[in-house]
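J.: Handing you a structure now.
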Amino acid sequence: MLKISAPIAAAILVSACAAYPTGPSASAQLVATKGNAVNGMVTFTKQGNAVMVSGEVSGLAPNTEHGFHIHEKGDCSSGDGMSTGGHFNPTAKAHGAHEHNEHHAGDLASLKADANGVARFSYTSSTISVGDGATDVIGRGLIVHRDADDFKTQPTGNSGPRVACAVIVKG
């Protein structure tokens, strides 16, 4: 069994963390909209010039894809998610896939549910921020849609009703 002294272990940990400097973070507890059963937790953590978006969403139909977007308003009071307004788009871009250059700041990567109806994800986004600037996600709404995003229909992606809603909060 390899033994590492406490100072060496601490040095390894510090150097590993230095490779991925983190800054402010935010989280969103997704709650099902009326008549749905989708829920989950998403975190947003600043890492250098990007934001790590990670989480788990359950209650989705097995083996399906779902539109996933940050919306303008942090308000889930309507019961159907419509109180969050439209997609978060402070840079006035066309709607599109997160993986492409041209898209709303709020256009996140689609959720892909497994055979159990659970979507697990972790990726970075360079079009949103946490805690500062025009693209700050804190205080915005987070929506899971029933259908896949077609990435063409403007300005929404034609991804159907909102099946889960959250307000993105600091920390």
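Computed from the coordinates by the stated procedures, all read-outs in this text should not be read as laboratory data. Remember, it's a predicted structure, so these values are computed and weren't measured experimentally. All Cβ positions, even for glycine, are placed from backbone atoms using ideal geometry, and neighbour counts span all protein chains on display.
J.: Rounded to the nearest 0.05, what FRET efficiency do Lys112 and Gln47 have when you use their Cβ-Cβ distance and R0 = 22 Å? Don't jump to the answer; show the numbers that get you there.
T.: Details: r = 23 Å, r/R0 = 1.03.
In this case the efficiency is close to 0.45.
J.: What is the extension gain from Ala92 to Ser54, computed as 0.36 nm multiplied by their sequence separation minus the C-alpha to C-alpha distance, in nm to one decimal?
T.: Details: separation 38, 0.36 × 38 = 13.68 nm, distance 2.51 nm.
Value of the extension gain: 11.2 nm.
J.: Separate question: So what's the net charge close to Gly141: Lys and Arg +1, Asp and Glu -1, counting the other residues with Cβ under 11 Å from its Cβ? Walk me through the intermediate numbers first.
T.: Values: positive: Lys73, Arg140, Arg162; negative: Glu72, Asp75.
Local charge sum for Gly141: +1.
J.: For a 23 Å ceiling on Cα separation, which of these pairs sit above it: Lys73/Lys170; Lys112/Lys170; Lys34/Lys170; Lys34/Lys152; Lys34/Lys73?
T.: Details: Lys73/Lys170 15 Å; Lys112/Lys170 26 Å; Lys34/Lys170 26 Å; Lys34/Lys152 28 Å; Lys34/Lys73 19 Å.
Checking Cα-Cα distances, Lys112/Lys170; Lys34/Lys170; Lys34/Lys152 exceed 23 Å.
J.: Charges at C-beta only: +1 for Lys and Arg, -1 for Asp and Glu. How large is the resulting dipole of the chain about its Cα centre, in Debye rounded to 20? Please list the in-between numbers first.
T.: Working: 12 positive and 14 negative charges, 81 e Å.
Its charge dipole is roughly 400 debye.
J.: Report the equivalent ellipsoid semi-axes for region 106-171 in whole Å, largest first, defined as the square roots of five times the eigenvalues of the gyration tensor built from alpha carbon atoms. Don't skip to the end; give the middle numbers.
T.: Values: eigenvalues 94, 48, 30 Å².
Each semi-axis is √(5λ); the values are 22, 16, 12 Å.
J.: Quick one: work out Rg over Rh on the C-alpha atoms of region 21-170, Rh as Kirkwood radius. Before the final figure, lay out the partial values.
T.: Values: Rg = 13.8 Å, Rh = 14.8 Å.
Computed over Cα atoms, the ratio is 0.93.
J.: What length, rounded to one decimal in nm, is gained on full extension from Gln29 through to Thr153, with 0.36 nm per residue of separation minus their alpha-carbon distance?
T.: On the way: separation 124, 0.36 × 124 = 44.64 nm, distance 2.77 nm.
Full extension from Gln29 to Thr153 adds 41.9 nm.
J.: Summing -39500 (n - 2.57) over the DSSP H runs of n ≥ 4 in the chain and dividing by its residue number, what mean residue ellipticity at 222 nm do you reach, to the nearest 500 deg cm²/dmol? Show your work: numbers first, answer last.
T.: On the way: 1 runs with 13 residues, N = 171.
Helix-only estimate at 222 nm: -2500 deg cm²/dmol.
J.: In addition: If I model a spin label as a point 7 Å beyond the Cα along the Cα-Cβ vector, how far apart are those points for His100 and Ala134 in nm?
T.: Rounded to a tenth, the inter-label distance reads 2.1 nm.
J.: Can you list residues from other chains, or at least 5 along the same chain, whose modelled amide H is less than 5 Å from the amide H of Met41?
T.: For Met41, whose amide H was placed from the backbone, the distant partners under 5 Å are Leu30, Glu56.
J.: Please give the Cα centre distance for region 20-94 versus region 109-148, rounded to the nearest Å.
T.: Cα centroid to Cα centroid, the span is 4 Å.
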